[in-house]
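The values are calculated or read from the model by the stated rules, or taken from the named source; none is laboratory data. These numbers come from a predicted model, not from an experiment. Note: ideal-geometry Cβ built from the backbone for every residue, glycine included; neighbour counts use all protein chains shown. Only protein heavy atoms, including side chains, enter the accessible area calculation; ligands, DNA and RNA are left aside. Shrake-Rupley method; radii C 1.70, N 1.55, O 1.52, S 1.80 Å.
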Amino acid sequence: MKNYCISLCLCLLTFFSNAQTSVPSPEKFLGYPLGSHFTPHFKIVNYFKQVAQSAPEMVKLEQYGETYEGRPLLLAFIALPENLQKLESIRLNNLRLAGMLNDKTPADENAPAIIWLSYNVHGNEAASSEASMKEIYELVNPDNKQTKEWLKNTVVVIDPCINPDGRDRYINWYNSVVGKTPNADPSAREHNEPWPGGRSNHYNFDLNRDWAWQTQIETQQRLKKYNEWFPQVHVDYHEQGYNAPYYFAPAAEPYHEVITPWQREFQQTIGRNNAKYFDQNGWLYFTKERFDLFYPSYGDTYPIYDGAIGMTFEQGGIRAGLAILTSSGDTLTLYDRLLHHFTTGMSTIEISSQYSARLIKEFHKYFINAKSTPYGEFKSYIVKNDNDGGRLDAVKTLLNRNVITWQYAANGAYTGMNYETGKQEAFKTETGDIVINCNQSKSNLIKVLFERNSRISDSATYDITAWSVPFVYGVKVYGAPNYINGSNEKPQLKPNDIPDNAYGYAINWTSFNSAKCLAVLLKKKIKVRYADQPFESGGRKFEKGTMLILKTSNKEKENNLAQIVSEAAKSTNVSVSTITSGFVDKGYDFGSEDVHLIHKPEVALLTGTGVSSSDAGEVWHFFEQQLDYPLTLINADDIGRMNWKNFNVLIMPDGNYKFLADKNVVASLKEWIRQGGKLIAVQNAVQQLAAGGWGIKSKDDDNDKKDNEDKKDDYSDLHKYETREREQLASSTPGSIYKVELDNTHPLAFGFPNYYYTLKQDDNIYSFLKQGGWNVGVIKKDNYVSGFTGSKAKEKLKDALVFGVQDMGRGQIIYLADNPLFRSFWENGKLLFCNAVFLVGE
């Protein structure tokens with residue numbers, strides 16, 4: 001009896017042990033076959049947790065952050081038990097290979113290659129997260145001997161869903177409208193998402209354009225973890241239009257010039273391995289088209305500029321739902337899509353395993369060269385300190401997030417290229433300036449981010465072609481041919497003590513930090529004025545736009561006004577000057593009509609159908625996450641029911657506004673402006689106002705008329721079909737930098753020198769405003785700076801309005817023909833936008 005009991009216990013222990021360690025397939029865990037349903041994010045998370053629990057010897061699961069809506073962001077590390085046990089040692093050794101860990105331990109090239117697979121960066125490209133579950137299962141499935149061979153010299157990192165908020169927005173909508181049986185007809189409602197769609201994150205940002213700039217919380221958290229690992233291979237999974245075949249590497253031209261021969265070669269190697277499996281299955285695919293390697297903030301280019309083999313894999317599938325009938329007459333299913341992604345994932349791991357030693361060797365070589373012989377004409381970049389450091393602070397944040405080393409420059413005299421003039425000049429480094437020496441691991445990324453003019457091997461690019469940090473951030477930069485000494489010791493600043501008994505306080509209006517300070521004060525119901533003209537007080541000079549917080553206007557806060565101002569200044573990193581009298585040494589006294597009270601803006605933003613979701617999202621994110629100032633979002637279709645009295649600022653982002661054809665709504669809007677309202681129109685909203693006769697005029701109308709008059713009976717309308725794309729490029733401006741000449745005596749341009757660098761994304765141009773309008777920012781002849789602009793577009797982009805203000809009764813219309821908040825990384829435009837919101841019209 002005793003032996004029987006012992007045997008029974010052993011059997012039960014074996015049974016429960018096997019039950020606990022058996023890794024369930026996705027089908028078994030979910031209760032349905034992959035591809036038959038879209039899986040909500042929480043179930044994907046639960047499946048990964050189950051796999052980690054069932055195979056702890058092979059899988060480590062780590063939550064690296066949360067989305068804006070509170071969904072978890074996960075990484076799964078998959079390795080054989082002997083490598084998983086020393087995962088931290090592998091990570092540290094990889095940092096040594098990349099030159100990012102300067103300890104006494106030498107880097108060991110006898111190490112596993114790290115392959116990082118990123119899924120579902122665009123929420124409505126939803127097949128890849130489904131594939132991620134099949135991917136991890138086959139990697140740990142004990143019956144799959146092949147993957148265990150691959151894992152002998154690799155570590156696989158899986159991010160199952162980069163954009164959970166966007167994915168669930170799409171999945172929840174789709175599951176709510178799909179019928180019992182999916183309808184493959186493309187016109188069925190399940191194939192047409194409502195605004196804003198699931199592509200973007202909570203704030204409607206495209207996370208695949210945010211890698212380098214890191215404006216979104218998901219990107220910031222992911223890149224912090226990415227820069228702790230530095231994988232040798234990174235794949236970013238996407239979907240494209242459902243009629244397109246599968247795309248995989250090698251990428252299309254242009255390749256950026258810093259991309260190494262090895263990085264080009266291994267793109268070919270992986271592509272051929274993928275092609276082998278697609279050929280076996282008779283699947284269509286294409287390579288070397290459309291998706292280039294140039295813009296630095298993608299999920300393929302950013303890893304490349306950090307030494308990896310970075311790739312985008314694209315499956316046809318946007319709008320496809322569970323099944324859709326393609327133009328070729330085939331039915332494309334969700335299972336087809338996830339199987340294709342699964343196949344390229346397995347293929348990538350396989351070929352990376354075969355080339356593991358070469359991957360490590362070339363990776364190590366990449367960073368040795370990056371530190372010893374940095375690519376490019378400059379050995380260092382010097383960023384000058386500005387008046388209050390606000391713009392420089394933003395540059396430091398960018399560098400820190402990208403783990404780029406910088407120091408405070410030692411005082412000295414040097415020669416280098418002035419980015420503003422493009423010429424070699426003598427300059428001096430002064431207290432507060434910073435230097436970025438390029439003898440570091442990130443030298444290629446530094447070169448790409450700071451280059452004044454990028455070399456473009458092919459002008460048919462997928463994205464913007466200019467992004468130089470000096471122009472984007474509005475900082476003065478010199479590129480030097482030599483290394484410059486620096487120190488990590490921060491310069492000591494004078495304490496900013498604010499006495500209680502002062503007449504008032506002054507804060508310079510010089511950067512976005514100034515606007516953030518104003519937002520804090522207005523929310524605390526502090527009355528703030530600004531000076532329309534420069535003045536001198538107490539022996540100090542103050543520029544136009546300077547904020548004034550006077551006790552005479554803030555009697556209710558008199559007892560703690562100094563504390564409120566001090567805390568606001570400290571939290572936004574601005575300096576405060578004490579004002580002892582309203583009688584100034586030079587300029588206008590504070591009771592003058594040239595000193596204006598800033599009325600608290602009550603701001604509304606138009607969103608919804610017809611509005612660019614990304615552009616509306618930029619404004620929404622700007623107010624909530626950066627400026628921290630209240631904003632009301634109103635659907636453009638509901639503007640007829642809007643209570644105009646509740647708002648004094650209305651923002652129209654890029655879009656196509658149907659209500660502009662409604663005479664009653666237009667009459668109400670114009671009357672609201674005449675009564676003191678302020679309308680801020682951006683990009684295509686300006687074009688629509690020009691077409692509607694609001695006062696601004698498009699120069700295209702005049703040019704078209706002239707072209708028709710000049711046109712002769714010739715052959716100019718005859719074109720070759722094969723050159724159609726190239727001919728279109730002549731009129732293209734995908735994203736280039738132009739110098740805008742500013743009237744910085746106007747409040748819209750306060751805080752700027754007499755110029756601003758704008759990103760041109762179209763060739764829309766506008767005539768100078770006539771009487772009653774202010775031409776604050778204009779492009780004149782030869783104002784092109786960098787990036788690709790087609791020959792016809794370049795000829796057209798001159799002598800035109802970019803930023804203007806039109807008075808209408810007691811209100812104003814502010815025209816921003818270019819978007820100053822572009823992707824939230826065009827840092828210097830943020831102050832311009834704040835000028836429009838807070839200062840214009842006061």
Please work out the Kirkwood hydrodynamic radius for the stretch 548-657, using every pair of different C-alpha atoms, and report it in angstroms with one decimal place.
-> 17.3 Å
How many Å³ per residue does the convex hull of the Cα positions in the stretch 59-203 occupy?
-> 153 Å³
Could you tell me the distance between the Cα centroids of the stretch 345-388 and the stretch 240-316, to the nearest Å?
-> 18 Å
Determine, from the Cβ-Cβ distance of Glu795 and Thr421 and an R0 of 30 Å, the FRET efficiency 1/(1 + (r/R0)^6), rounded to the nearest 0.05.
-> 0.80
At a 1.4 Å probe radius, carbon and sulfur cover how many percent of the accessible area of the stretch 450-544?
-> 43 percent
Given a cut-off of under 8 Å on Cα pairs at least six residues apart, what relative contact order in percent is computed for the chain?
-> 10 percent
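Tell me, what is the percent relative contact order of the stretch 407-564, built from C-alpha pairs under 8 Å that lie six or more residues apart?
It rounds to 21 percent for the stretch 407-564.
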In terms of solvent-accessible area of protein heavy atoms at a 1.4 angstrom probe, what is the ranking of Phe42, Phe750, highest value first?
-> Phe42, Phe750
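Once you have the Cα-Cα distance between Glu543 and Asn643, take 0.36 nm times their residue separation minus that, and quote the gain in nm to one decimal. Mind showing how you got there, number by number?
Details: separation 100, 0.36 × 100 = 36.00 nm, distance 3.78 nm.
Once the chain is fully extended between Glu543 and Asn643, it gains 32.2 nm.
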Karplus 3J(HN,Hα) series, Hz, for the stretch 796-813 with 6.51 cos²θ - 1.76 cosθ + 1.60 (x for Gly, Pro) = 7, 7, 7, 6, 9, 7, 10, 10, x, 10, 10, 6, 9, x, 8, x, 9, 10
Length gained when the stretch Gln492-Phe583 is fully extended (0.36 nm per residue, less Cα-Cα span) | 29.5 nm
Residues of the chain: accessible area per residue at 1.4 Å, in Å²?
-> 42 Å²
Can you give the translational diffusion coefficient of the stretch 730-842 in µm²/s, computed by Stokes-Einstein from the Kirkwood radius over Cα pairs at 20 °C and 1.002 mPa s?
-> 150 µm²/s
Quick one: in the stretch 399-482, what % of C-alpha pairs are over 21 Å apart?
-> 34 percent
Tensor-based shape of the stretch 128-242 (alpha-carbon gyration tensor, a/c under 1.5 rounded, otherwise prolate or oblate) | oblate
Rounded to the nearest 10 degrees, what's the angle between the helix 127-140 long axis and the longest principal axis of the chain, both from Cα atoms, 0 to 90?
-> 40 degrees
How far apart, in nm, are two points set 7 Å out from the Cα along the Cα-to-Cβ line at Ala410 and at Gln85?
-> 5.0 nm
Can you pull the accessible area of Trp283 for me, 1.4 Å probe, Å² to the nearest 10?
-> 50 Å²
How would Glu190, Glu536 line up by accessible area, probe 1.4 Å, largest first?
-> Glu536, Glu190
Report the full-extension gain for the segment Tyr503 to Asp103: residue separation times 0.36 nm, less the Cα-Cα distance, to one decimal in nm.
-> 138.4 nm
Rounded to the nearest 10 Å², the accessible area of Thr733 at probe 1.4 Å = 10 Å²
When the stretch 722-795 is reduced to its Cα atoms, the Kirkwood hydrodynamic radius in Å | 13.7 Å
For the stretch 27-135, the Cα gyration tensor yields equivalent-ellipsoid semi-axes (√(5λ), largest first, whole Å) of 31, 16, 12
Relative to the longest principal axis of the chain, what angle (0 to 90°, nearest 10) does the C-alpha long axis of helix 356-372 take?
-> 30 degrees
List the residues whose amide H sits under 5 Å from the amide H of Tyr755, counting only those 5 or more places along or on another chain, with H placed 1.01 Å from N in the peptide plane.
-> Leu742
Just from its helices, what would the mean residue ellipticity at 222 nm be for the chain, if runs of 4 or more DSSP H residues each count -39500 (n - 2.57) and the sum is divided by every residue, rounded to the nearest 500 deg cm²/dmol?
-> -9500 deg cm²/dmol
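Over the stretch 200-298, what is the mean sequence separation of C-alpha contacts under 8 Å (at least six apart), divided by residue count, expressed as relative contact order in percent?
Answer for the stretch 200-298 is 38 percent.
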Once phi is turned into ³J(HN,Hα) by the Karplus curve 6.51 cos²θ - 1.76 cosθ + 1.60 with θ = phi - 60°, what whole-Hz value does each residue of the stretch 231-238 show in order, with x for glycine and proline?
-> x, 7, 9, 9, 10, 10, 8, 9
Between Ser176 and Asp143, with labels modelled 7 Å along Cα→Cβ, what's the label distance in nm to one decimal, could you check?
-> 3.9 nm
Based on the Cβ-Cβ distance of Phe286 and Glu257, what FRET efficiency does E = 1/(1 + (r/R0)^6) give at R0 = 35 Å, to the nearest 0.05?
-> 0.90
Two pseudo-spin positions, 7 Å from Cα along C-beta at Lys524 and at Ala188, lie apart in nanometres by 5.8 nm
Taking a probe of 1.4 angstrom, what is the accessible area of Glu138 in Å², to the nearest 10?
-> 30 Å²
Using the alpha-carbon centroid of each, what span in Å lies between the stretch 171-217 and the stretch 590-611?
-> 33 Å
Per-residue HN-Hα couplings for the stretch 156-166 [Karplus 6.51, -1.76, 1.60; θ = phi - 60°; Hz; x = Gly/Pro] = 9, 10, 10, 9, x, 7, 6, 10, x, 5, x
Quick one: work out the % antiparallel among DSSP beta bridges in the chain, nearest 5.
-> 65 percent
Rounded to the nearest 0.05, what FRET efficiency do Asn482 and Thr431 have when you use their Cβ-Cβ distance and R0 = 25 Å?
-> 0.75
